1. Kindly check whether there is at least one residue in segment B:132-150 that is part of a loop (DSSP other than H, G, I, E, B), open to solvent by less than 10 Å² (accessible area, probe 1.4 Å) and more than 14 Å from every other protein chain (Cβ to nearest Cβ).
2. Hey, could you check segment B:44-61 for residues that are more than 9 Å from ligand 1 (Cβ to nearest atom) and not in a helix (DSSP H, G or I) and say which is farthest from B:Ser206 (Cα to Cα)?
3. Does segment A:205-218 contain at least one residue that is within 30 Å of B:Gly83 (Cβ to Cβ) and open to solvent by 60 Å² or more (accessible area, probe 1.4 Å)?
4. Taking the condition of a type outside the set (D, E, K, R) and within 13 Å of ligand 1 (Cβ to nearest atom), does B:Phe194 pass?
5. How many residues does segment B:6-62 hold that are away from ligand 2 (no atom under 14 Å from the Cβ), more than 19 Å from B:Cys190 (Cβ to Cβ) and among the β-branched types (Val, Ile, Thr)?
6. What pairs come out if I take residues in segment B:28-43 that are more than 14 Å from every other protein chain (Cβ to nearest Cβ) and over 19 Å from B:Gly75 (Cα atoms) and pair them with residues that are assigned to a loop (DSSP other than H, G, I, E, B) and within 15 Å of ligand 1 (Cβ to nearest atom) whose C-beta lies under 6 Å away, six or more apart or interchain?
7. Only one of A:Leu70, A:Leu82, A:Leu134 is in the same structural domain as A:Ala154 (by TED's automatic domain parsing), over 21 Å from the mean Cα position of the chain (by Cα) and open to solvent by 70 Å² or more (accessible area, probe 1.4 Å); which?
8. Can you name the condition, by its number, that A:Ala91 falls short on among (1) crowded, with 19+ Cβ neighbours inside 10 Å; (2) within 19 Å of the chain's Cα centre (by Cα); (3) without any contact (Cβ under 8 Å) to a residue 60 or more places away in the chain?
Amino acid sequence: MSLADNSPVTAPVDVEERQRARRRRLEQIARYTLPVLVMVLAIWLWDRIVVWNEIPHYILPGPGRVWASLTGDWSILYEAALLTAKTTILALILAVIGGAGLAILFDQSKLVEMSLYPYAVILQVTPVVAIAPLIFIYVENKTVGMLLCAWIVAFFPVLSSTTLGLKSVDHNLRDLYKIYGATRWQQLWMLQLPSALPYFLGGLKIAGGLSLIGAVVAELVAGTGGVGAGLAARIQEAGYRLNIARMFAALSMIAAMGVFIFAALSVLSYALLHKWHESAIKREN
Amino acid sequence: MLQTTPLDSRPPVLRMAGINKTFGRDVVALDGMTLSVNHGDFISLLGPSGCGKSTALRLISGLISPTAGRIEWAGGQSQDDLGIVFQEPTLMPWATVVENVYLPFRLRRQPYGSVKDEILEVLRLVGLEQFQNAYPRELSGGMKMRVSIARAMATHPRLILMDEPFAALDEITRHKLNNDLLELKAKIGCTVIFVTHSVWESVFLSDRIIVMAARPGRVIEELHVDAPYPRGEEFRTSAEYAGYCRATSDALHRAMGDR
Ligand SMILES: Nc1ncnc2c1ncn2[C@@H]1O[C@H](COP(=O)(O)OP(=O)(O)OP(=O)(O)O)[C@@H](O)[C@H]1O
Ligand SMILES: [Mg+2]
């Protein structure tokens, strides 16, 4: 027997690689089909429970009724969704400007940070549901009041994550910039902001969900007078009328909105980081 | 102890006299360090952990100031004209190789167009021109270190400080980078202060080795390696090299107090 008999088999990929590829394909399919399957199953079960137990629709409507409400009341719900979306997105934008702006200010001035940071924390830990009624007493304009509510909940994650990010610069890189005589502005713009970007985006994802929560809370507290009703106000209103189907329809739209915001921010985060950041790197096994 | 003529006609770059650096009340990182650096020198600082090697580099680079003593730069030049290489490659992960090497120029507001040729030339010298648009995470440890060296040399500084740049690399990569560093230094014509833990590395690279001791950090001996440059593999395997290594090793043992 010569050593040559042990020469490698001339397969293009080895067995392990083939198995791994197959597993990856299966996983890829399962990732989308499984959740859909679960949803179909849940809706079917929901329908059966309503039918079998003959539950009246003003207690629990079947999925068919909810769907009918979703399509039948579409013009009302769509308008409400637009309003809620407007509050949410505006609040998120203001949260980014306020949160990131404050973080930069805190980073530039230790004194400002020491003076203001505790109050940012107090604002954050006080439940917005408790602050909201007061806000609507003092703020005449409902839109402004709602924005303020949503902003209060959403800005803190942006502030705290960006603050952490701005501090997390590699200390050798910081020294390098100093040695090359970088100005404060250059250091902020070319070193600290890029370093803080992954942290900021993490905070942004949380803020996206929170601004929706803030908008919903604001609507519930503000009531429908004046600016028209958003989705949460529609839920409340439908509840008074025992129109449970519409409550479910509006609720599903809020949930869809939340999912959309999260997905959009995830895409944004991937687009900004995938070239260089470790979090966006795919590795084998 | 090896001694040679300190007689030297090359222009001075830097002189440290009686430098003391004390952190807090009683952590004496460096005590009475005196060192003159002339143009073209390759000086190694060699010594056990905690003997103040990094502190010496940080003092020279102006990141910290001495508790006592003076650092004088020749001809009014100052630490602006420095390149530095750390133990980690210290690249900006969000920037490509070219952008990383462009950094020192960019901080001095020199437009990319005016220094593009210099940057590409130094990337060619470190053998990374095909990787100019790669991000650091796509490079191996050795390649990242080459980028870091390219960045330090790109501006043709009068003095380059290196703090254990190859300590985290494997032996093979390290030898290769040692060879390349000497070649680069000859081509660019700079002066280097190099911190290392390795006797073999310091002898191969330097013409002067400063042996230091810890607690308090201080200079114990200065050795001269009189082998001519360029040095290559034949020097690494020569009896002369072995002799210098033994002498340096002995000095290091004396510095560590177990003669
Ligand atoms: N910023 C600092 N504050 C307090 N002590 C310090 C500081 N920097 C260094 N030291 C102390 O000074 C001494 C010398 O430190 P230095 O980093 O210069 O040593 P080194 O020779 O570079 O060691 P190593 O080989 O481990 O890198 C050590 O005892 C260290 O603890
Ligand atoms: Mg050190």
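1. As a first pass, look at segment B:132-150 and keep what is part of a loop (DSSP other than H, G, I, E, B): B:132-135, B:139-140.
Subset that is open to solvent by less than 10 Å² (accessible area, probe 1.4 Å): none.
Checked segment B:132-150: no residue is part of a loop (DSSP other than H, G, I, E, B), open to solvent by less than 10 Å² (accessible area, probe 1.4 Å) and more than 14 Å from every other protein chain (Cβ to nearest Cβ).
2. The qualifying residue farthest from B:Ser206 (Cα to Cα) is B:Ser61.
3. Our first condition is that a residue be within 30 Å of B:Gly83 (Cβ to Cβ); within segment A:205-218, this holds for none.
Scanning segment A:205-218 turns up no residue that is within 30 Å of B:Gly83 (Cβ to Cβ) and open to solvent by 60 Å² or more (accessible area, probe 1.4 Å).
4. Details: of a type outside the set (D, E, K, R): yes; within 13 Å of ligand 1 (Cβ to nearest atom): yes.
So B:Phe194 passes the test.
5. So in segment B:6-62, the residues away from ligand 2 (no atom under 14 Å from the Cβ) come out as B:6-20, B:22, B:24-28, B:31-43, B:62.
Right, trim to more than 19 Å from B:Cys190 (Cβ to Cβ) and you get B:6-7, B:17-20, B:22, B:24-28, B:31-34.
Next cut, among the β-branched types (Val, Ile, Thr) only: B:19, B:22, B:27-28, B:34.
Residues flagged as away from ligand 2 (no atom under 14 Å from the Cβ), more than 19 Å from B:Cys190 (Cβ to Cβ) and among the β-branched types (Val, Ile, Thr) within segment B:6-62 amount to 5.
6. These pairs meet every condition: B:Val28/B:Pro216; B:Ala29/B:Gly52; B:Ala29/B:Gly217; B:Leu30/B:Gly52; B:Leu30/B:Gly217; B:Asp31/B:Pro216.
7. On the way: A:Leu70 fails: open to solvent by 70 Å² or more (accessible area, probe 1.4 Å); A:Leu82 fails: over 21 Å from the mean Cα position of the chain (by Cα).
On inspection, the qualifying residue turns out to be A:Leu134.
8. (3)
The values are calculated or read from the model by the stated rules, or taken from the named source; none is laboratory data. The structure presented is a predicted model; accordingly, all values stated were derived computationally and were not measured. Note: ideal-geometry Cβ built from the backbone for every residue, glycine included; neighbour counts use all protein chains shown. Protein only, heavy atoms only, side chains kept; ligands, DNA and RNA dropped before computing areas. Shrake-Rupley method; radii C 1.70, N 1.55, O 1.52, S 1.80 Å.
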